[in-house]
Amino acid sequence: MTIIKNLSDVTNRIQKSAQQCQRDPRSITLLAVSKTWPAEKLQQLYQAGQRAFGENYLQEALTKIKQLEALEIDWHFIGPIQSNKTKDIAEHFDWVHSVDRLKIAERLSRQRPEHYPNLNICIQVNIDQEVSKSGIEPGALLSTAKQIADLPRLDLRGIMIIPAKTDDSAQQRAAFQRASELFEQLRQQHPNIDTLSMGMSNDLDIAIEQGSTLVRVGSALFGQRTTPN
Ligand SMILES: *Cc1c(COP(=O)(O)O)cnc(C)c1O
């Protein structure tokens, strides 16, 4: 089955990239980005051992979470967040990578059910300072992180970045390197953070070389999406 072959290809890419820079491949988590794909596809990957899945669109995600509730999946929300969506996110996900303002974190904190484990949070940073992109400005990271880290029922775990689209690998590497430096600065302030969420199907190798601890991979696992996103 192609999807199983894809999983082993992606796992091999992660291992090779890690070895090339003397990193332990086990220090890198593979997040399977399953947006647009039906629950059966996720189930195939789950049966092959995959546990972490990432979704961008809330309604679509809630349907799959319900369909797959018998499985022990770690659900990661990685899409843009409108404030009227935070309650469902707080109640149905284990991780949120796309927190880009304090207000969203405050709502997630308030709406996380009390008997649940803390919700794991990454702050999305607009690393290339693109006008159209979500994420906080790199210069605002440390102060915002301090406020988020103080909120109950959330665990600040690190940062997430999506670099500007480019085929120039030097430019990709530079963006990942800046993210990595920012992550280290943040870790001085919050020694418990452990997650640098960066790298996708086309650039995960460079992201790992620059210190990524979690790669978010969609098309290399599931195939090309037919919808634009
Ligand atoms: C869609 C998406 C991915 C996966 O992209 P691929 O190029 O298909 O691997 C990763 N991260 C985010 C935030 C996404 O929206």
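The values are calculated or read from the model by the stated rules, or taken from the named source; none is laboratory data. In this text, all values refer to a predicted model and were calculated from it rather than measured experimentally. Cβ sites come from the backbone with ideal geometry, for glycine too, and all protein chains shown count toward neighbours. When the accessible area is computed, the model is the full protein with side chains, heavy atoms only, and any ligands, DNA or RNA have been set aside. Shrake-Rupley method; radii C 1.70, N 1.55, O 1.52, S 1.80 Å.
See the values below:
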| read-out | value |
| --- | --- |
| For the stretch 135-140, 3J(HN,Hα) per residue [Karplus equation, 6.51 cos²θ - 1.76 cosθ + 1.60, θ = phi - 60°, Hz, x = Gly/Pro] | x, 7, 5, x, x, 9 |
| Summed side-chain charge close to residue 57 - residues other than residue 57 whose Cβ falls under 13 Å, Lys, Arg +1, Asp, Glu -1 | +1 |
| Highest-first arrangement of 184-193, 160-169, where packing means the average Cβ count within 10 Å | 160-169, 184-193 |
| For residue 37, solvent-accessible area (1.4 Å; no DNA, RNA or ligand), Å² | 50 Å² |
| Across 64/133; 35/85; 66/87, pairs whose alpha-carbon gap is larger than 24 Å | 64/133 |
| Largest to smallest principal axis extent of the C-alpha atoms in the stretch 114-198, angstrom | 46, 25, 20 |
| Under-5 Å amide H pairs with residue 124, H placed in peptide plane, nonlocal only | 99, 100, 136, 160 |
| Estimated inter-spin distance, residue 71 and residue 40, nm [label 7 Å along Cα→Cβ] | 1.3 nm |
| Where the stretch 1-132 is the region considered: accessible area per residue in Å², 1.4 Å probe | 51 Å² |
| At R0 = 41 Å, FRET efficiency that the Cβ-Cβ distance of residue 111 and residue 173 yields, to 0.05 | 0.60 |
| Relative contact order (%) - criterion: Cα under 8 Å, at least six apart; region: the stretch 86-195 | 26 percent |
| Global form of the stretch 75-136, assessed from the alpha-carbon gyration tensor, a/c cut-off 1.5 | prolate |
| Span-like helix ranges in the chain, DSSP H, alpha carbon extent 24 angstrom or more, Kyte mean at least -1.0 | 2-20 |
| The stretch 82-160 and the stretch 8-71: distance between their alpha carbon centers, rounded to Å | 21 Å |
| Residue-normalised accessible area of the stretch 154-228, expressed per residue, 1.4 Å probe, Å² | 46 Å² |
| Gaussian network model of the chain, springs between alpha carbon atoms under 10 Å - residue of 98, 201, 180 with greatest fluctuation | 201 |
| Label-to-label distance, nm, for residues given as residue 155 and residue 131 (7 Å Cα→Cβ offset) | 4.0 nm |
| Cα gyration tensor shape of the stretch 1-138, rounded if a/c is under 1.5, else prolate or oblate by comparing a/b with b/c | oblate |
| Estimated distance in nm for a label pair at residue 2 and residue 226, the labels positioned 7 Å out from Cα along Cα-to-Cβ | 1.2 nm |
| Accessible area of the chain belonging to carbon and sulfur atoms, whole % at 1.4 Å probe | 46 percent |
| Contour excess over end-to-end distance, with Cα ends at residue 92 and residue 165 and 0.36 nm allotted per residue | 23.2 nm |
